[in-house]
1. Inside the range 27-39, can you point out the residues that are touching a residue at least 12 places away in the same chain (Cβ under 8 Å), more than 10 Å from residue 71 (Cβ to Cβ) and in a loop (DSSP other than H, G, I, E, B)?
2. Go through the range 12-31 and count every residue that is out of contact with any strand residue (DSSP E or B) (no Cβ under 6 Å at 6 or more places or on another chain), open to solvent by less than 30 Å² (accessible area, probe 1.4 Å) and either small (Gly, Ala, Ser) or closer than 18 Å to residue 85 by Cβ (or both).
3. Name every residue in the range 107-120 that is open to solvent by 40 Å² or more (accessible area, probe 1.4 Å) and part of a strand (DSSP E or B), in order of residue number.
4. How many residues are within 13 Å of residue 34 (Cβ to Cβ), out of contact with any Phe, Trp or Tyr (no Cβ under 7 Å at 6 or more places or on another chain) and open to solvent by 60 Å² or more (accessible area, probe 1.4 Å) if we restrict to the range 73-106?
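The values are calculated or read from the model by the stated rules, or taken from the named source; none is laboratory data. These numbers come from a predicted model, not from an experiment. Using ideal geometry, Cβ is built from the backbone for each residue, glycine included, and neighbour counts are taken over all protein chains shown. With ligands, DNA and RNA removed, areas are computed over all heavy atoms of the protein, side chains included. Shrake-Rupley method; radii C 1.70, N 1.55, O 1.52, S 1.80 Å.
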Amino acid sequence: VQLVESGGGLVQAGDSLRLSCSGSGGIFSHYAMGWFRQAVGKDREFVAGMNSNGNRRLYADPVKGRFTISRDNYKNTLYLQMNSLEPEDTAVYYCAARALELGNLDSGYDYWGQGTQVTVSS
């Protein structure tokens with residue numbers, strides 16, 4: 001499974017961005033998907049996750065109410081709508097996929113994209 005993120009950029013605090021993650025090489029609709037991020041000098045952290053058919057979602061506390069994860073299985077694409085961005089959201093954002101459907105959505109991912117940079121200025 002190959003994953004390619006896009007949509008990152010430089011924005012100001014309070015702005016919005018939508019990240020996309022295009023999947024290929026597997027049956028996209030069979031995979032649970034997630035977004036993670038890694039800021040400079042910090043460990044990679046979970047942001048949001050969704051199961052294969054989209055009826056189960058999980059968000060990290062810092063992004064609840066501001067970020068929304070969604071997917072279009074016909075387009076093999078995962079999205080992360082990010083609103084009310086804060087400087088603390090600055091990081092490289094990665095999408096990830098896993099074949100395991102059950103279990104917590106914040107871990108156990110097997111496939112990773114290369115990441116897209118999001119920078120939020122104050």
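1. Residue satisfying the conditions is 39 alone.
2. Number of matching residues: 0.
3. Quick first cut of the range 107-120, residues open to solvent by 40 Å² or more (accessible area, probe 1.4 Å) only: 107-108, 110-112, 114, 117, 119.
Answer for the range 107-120, where residues must be open to solvent by 40 Å² or more (accessible area, probe 1.4 Å) and part of a strand (DSSP E or B): 111, 112, 117, 119.
4. 2
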